[in-house]
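Quick notes on the structure that follows.
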Amino acid sequence: MDRSYPARTTTNLASAAMVHDWKPALLGAGGGCVLAMIVLWPTLLGMTITWQNNQAYQYAWLVLPMVVYLLGWHDPKLAVAAHPQPDYTGVFVALFAAIGWSAAYLMNIDAGRQFALVLAVQGIAMSTLGWRTYWRLAPIFGLLFLMVPSGDFLQPALRILTVKMIEAFAIVADLPHSVDGFVVSIGESKYIVLEECAGLPYFMLATFLGYCFGLFLYQSVSKIAALVLFGAFVGILSNGLRVNAIVLIDWIQGTQMPLTAHSNIQWGALIVALGLLFFALSKLADQAPDSAPDISRPGKTMRLSQLAPVVAGLSVLLIVGTVISLAPSVPRQPRATQVGSLPQNIADWHLASPEADWIVDQKHQTESLALTYRRRGQDLKILFVETLGPDAKLQESDLAPGERNLWHQNKIQKQSSCDASTCLTLLHTTWQNQRTEEIRHVYSTYSIGNFTTSSKLALRAAHGWERLTRGGHNPRIIGFTLDLAATDTAFDELAVAFRLIQSVLNTGNR
């Protein structure tokens, strides 16, 4: 009994000291988060809506509970060893996050705003704990970045990788095949690799699980990173198994199964992938876990430093609130019917649709105008899509030559035309009808005011500058649709037509 009493006393003293340290720290962190969320709550709400509506991110609901569990209950030694020592280092992180959020707000980049929100939380956490303690716990806090929907950046690469995996399987299995952009032909079967085929849900779920199990097993950053990469690899592998299983079954049966029959294969590939992940983790679990990080108890915290997380949150509130007030999201009025001011003739093309009107899409806050020019029995269709509000977005699918669910992008490349003073680059997108296999060629570019670009990022940067300076111009996309690919001469004519129409839109249609 005498031997156990000092041990119990030591534990009680440690617990009392821990409560004494954490109570003001958590109050400061709560105050900082409340101040930041006064202006960031719409961004948080947008994130949760994406989690709810997109299957690829439904795992994100588990991220915050997982972080809380890892910090408070998974390793009691870690909680006892971590003593908050608030300092103002995290304020600089919060300032950087606020500036990044402001830039993403002006440029209308959702993922940028959401990333900045998580970074602001990191800054408040760093101010609460002190940079030394935060740095030791950074792998756990890093899990919060998986809450950010990042499909816009990952999906294009995963889509290309899916095409490569199908092609590699066809080569290894010695199957007759051909690849044309995102269309893969295996024997008599044709497969269009859509964005939904990229396997983003597999990739994100497996990456999340790899990260979580890495945090369960290790404190070493390199070992955690290795498990994250292994999880990502498993996600890519599972999608490869899925698409190639579909190809193989179709080849064996001699028919192409309907899309509704793919669900069973999807579940099978997911089970195999998770089985592979858990098998690897079962082998790692036999190893001795890393020792808890040595976070020594610092000296006495100055009272002024306890306000650091509040200052971090207040910095976010002031900067973000100022930018919102300077560049409010006020939509402009739709255009009047002014088709008559557009060119009646472009080179040898004559306007065949003078009755066309601007059509307003209230849901997506855009307006569009479709014109048809005709020459020697051939049609040149021109589509303009312009945003009405600063938060509206332009989509490449707006330029689909028909119903969006039937027409899919096959190949995208850039073409340029130069005159004596400037060069104009257009995106040449080949669209294919999934049902009839018809082909259409769309030449498009983005513009805002007199600025034109084929880069969506450059357009958004220019849009941000327009909003900040209140220039009054909204982003637009202009597309020219042809049945056949344009020759070099015809492409130069398209460039001339674009410059002419762009000039009219900027001067006559205001």
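Based on what the data block shows, is ALA392 assigned to a strand (DSSP E or B), buried (at least 16 other Cβ atoms within 10 Å of the Cβ) and not charged (D, E, K, R)?
When the stated conditions are applied, ALA392 does not pass them.
Please go through (1) within 27 Å of the chain's Cα centre (by Cα); (2) part of a strand (DSSP E or B); (3) among the hydrophobic types (A, V, I, L, M, F, W, C) for LEU457 and return the number of the only condition it doesn't satisfy.
(2)
Of all residues in the range 118-177 being assigned by TED's automatic domain parsing to the domain that holds PHE233 and basic (Lys, Arg), which is farthest from the chain's Cα centre (by Cα)?
Step by step, filter the range 118-177, then rank; the result is LYS164.
Consider PRO343 carefully, then state whether it is touching a strand residue (DSSP E or B) at 6+ places or on another chain (Cβ under 9 Å), farther than 15 Å from LEU482 by Cα and not hydroxyl-bearing (Ser, Thr, Tyr).
Considered against the rule, which asks whether it is touching a strand residue (DSSP E or B) at 6+ places or on another chain (Cβ under 9 Å), farther than 15 Å from LEU482 by Cα and not hydroxyl-bearing (Ser, Thr, Tyr), PRO343 comes out as yes.
Scan the range 425-456 for residues that are out of contact with any Leu (no Cβ under 9 Å at 6 or more places or on another chain), on the phi < 0 side of the Ramachandran plot and in contact (Cβ under 8 Å) with a residue 40 or more places away in the chain and jot them down.
HIS428, THR430, GLN432, ASN450, listed by residue number.
Pairs under 9 Å by beta carbon, first residue within 29 Å of LYS393 (Cα to Cα) and assigned by TED's automatic domain parsing to the domain that holds ILE382 in the range 344-364, partner at pLDDT below 80 and in a strand (DSSP E or B), six or more apart or different chains?
What qualifies is LEU351/ASN345.
Taking the options LEU144, LEU117, name whichever one is touching a Ser or Thr at 6+ places or on another chain (Cβ under 6 Å), under 21 Å from VAL34 (Cα atoms) and either assigned to a helix (DSSP H, G or I) or not hydroxyl-bearing (Ser, Thr, Tyr) (or both).
Values: LEU144 fails: touching a Ser or Thr at 6+ places or on another chain (Cβ under 6 Å).
Answer to the check: LEU117.
Step by step: first the residues of the range 64-92, then only those that are surrounded by 22 or more Cβ atoms within 10 Å (Cβ to Cβ) and within 29 Å of GLY46 (Cα to Cα), then the one that is modelled with the highest pLDDT. Which residue is that?
My answer is VAL91.
Residue pairs, Cβ under 6 Å, 6 or more apart or interchain, first in the range 85-112 and more than 21 Å from LEU146 (Cα to Cα), second of a type in the set (Phe, Trp, Tyr). List them.
If the second residue must be of a type in the set (Phe, Trp, Tyr), the pairs left are THR89/TRP131.
Sort out which residues of the range 396-432 are touching a Gly at 6+ places or on another chain (Cβ under 7 Å) and assigned to a strand (DSSP E or B), and write them in order of number.
ASN410, LYS411, THR430, listed by residue number.
Let me confirm something: among LEU317, LEU369, which residue is in contact with a helix residue (DSSP H, G or I) (Cβ under 8 Å, 6 or more places away or on another chain) and assigned by TED's automatic domain parsing to the domain that holds VAL91?
Residue meeting the stated conditions: LEU317.
For the range 462-488, name all the residues that are buried (at least 18 other Cβ atoms within 10 Å of the Cβ) and assigned to a helix (DSSP H, G or I).
ALA462, HIS463, GLY464, GLU466, ARG467
Need the failing condition index for VAL323 against (1) at pLDDT 75 or above; (2) over 30 Å from the mean Cα position of the chain (by Cα); (3) part of a helix (DSSP H, G or I), just the number.
(2)
Against the definition (crowded, with 20+ Cβ neighbours inside 10 Å and in the same structural domain as HIS364 (by TED's automatic domain parsing)), how does PHE498 come out, yes or no?
So PHE498 fits the description; yes.
Restricting attention to the range 140-185, which residues are among the aliphatic types (A, V, I, L, M), in contact (Cβ under 8 Å) with a residue 40 or more places away in the chain and over 21 Å from ILE412 (Cα atoms)?
Passing the criteria: ILE140, LEU143, LEU144, LEU146, MET147, VAL148, ALA170, ALA173, LEU175.
Name every residue in the range 125-183 that is surrounded by 15 or more Cβ atoms within 10 Å (Cβ to Cβ), more than 30 Å from ASP75 (Cα to Cα) and among the polar types (S, T, N, Q), in order of residue number.
Scanning the range 125-183 gives SER150, GLN155, THR162.
For the condition at negative phi and modelled with pLDDT under 90, what is the one hit in VAL316, VAL339?
Exactly one of VAL316, VAL339 is at negative phi and modelled with pLDDT under 90, namely VAL339.
The values are calculated or read from the model by the stated rules, or taken from the named source; none is laboratory data. These numbers were taken from a predicted model, which means no experiment stands behind them. Note that we place each Cβ from the backbone using ideal geometry, even for glycine, and neighbour counts take in every protein chain shown.
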